[in-house]
Amino acid sequence: MTQHDEPEDFLQADDVIRRLWSVICDDELPLDLRDEGIERLRVQAEDGKPYAQLLLGRLYRDGPLLTPDWVEARHWFEQAARGLPDAQYVLGKLYWEGEDIPQDMGQAVYWLTRAAKQAHPYAQLLLERQGGPSLPSAVLAVNSLLHSIGRIFQDNAHIIDGTHGQHTDRKLRRRIQEKKIAMGHKPDDHEEQGWGGMSM
């Protein structure tokens, strides 16, 4: 199994982990900088950051910057799988294929089902195609929809909490200013007051 078999969805990962991953994956950078990135990623993983644990597991599984070590890879995947659907999928697929670790269909189904219940699309697809235990399609669809809606709200939380003010386009501001001047206001008396939270 390689990295291209898995989603690269790190929306939940913090900026530090995303930056470290971009340094580690940048073939243009010197190896010592990339190695330093791996060590910093290891610190994040040891601090319990699930995306760091998942990425460290991938590095141990796939190399080339770390010597492939399936014991270490499985350890970090298991740590990340405590709450991360991507890690649950990876761990389930490793047990399913049984190429580098002993095949264990019980563990495979357990981890894939956990990921599928959290709307992980690859886990759902693998379970459906392989005839494994599948959840009713309607339940998976609703779960997936709710998960997507949750991400939309999370992505747009800064808009909802008001950190980005409303904007009025230039032409509308000019027309409003012209009307106020026609009504006897001074040209600049509206600048400091604003209008409904909008600056003009």
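The values are calculated or read from the model by the stated rules, or taken from the named source; none is laboratory data. In this text, all values refer to a predicted model and were calculated from it rather than measured experimentally. Cβ atoms come from the backbone with ideal geometry, glycine included; neighbour counts cover every protein chain shown.
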Task: Answer residue from segment 70-83, given it is surrounded by fewer than 16 Cβ atoms within 10 Å (Cβ to Cβ) and not in a helix (DSSP H, G or I) and is modelled with the highest pLDDT among those - done: ARG82
Task: Meets criteria (modelled with pLDDT under 70, in a helix (DSSP H, G or I) and within 33 Å of the chain's Cα centre (by Cα)) for ILE149 - done: no
Task: Number of the condition not met by ALA119 [criteria: (1) over 18 Å from TYR60 (Cβ atoms); (2) touching a helix residue (DSSP H, G or I) at 6+ places or on another chain (Cβ under 6 Å); (3) in a helix (DSSP H, G or I)] - done: (3)
Open item on the list: Restricting to segment 13-50, and then to whatever is part of a loop (DSSP other than H, G, I, E, B) and hydrophobic (A, V, I, L, M, F, W, C), can you tell me which residue is farthest from PRO85 (Cα to Cα)?
Closed with: LEU29
Open item on the list: One residue is enough: does segment 99-106 have a residue meeting the conditions part of a helix (DSSP H, G or I), surrounded by fewer than 20 Cβ atoms within 10 Å (Cβ to Cβ) and free of Cβ contacts under 8 Å to residues at least 40 places away in the same chain?
Closed with: yes
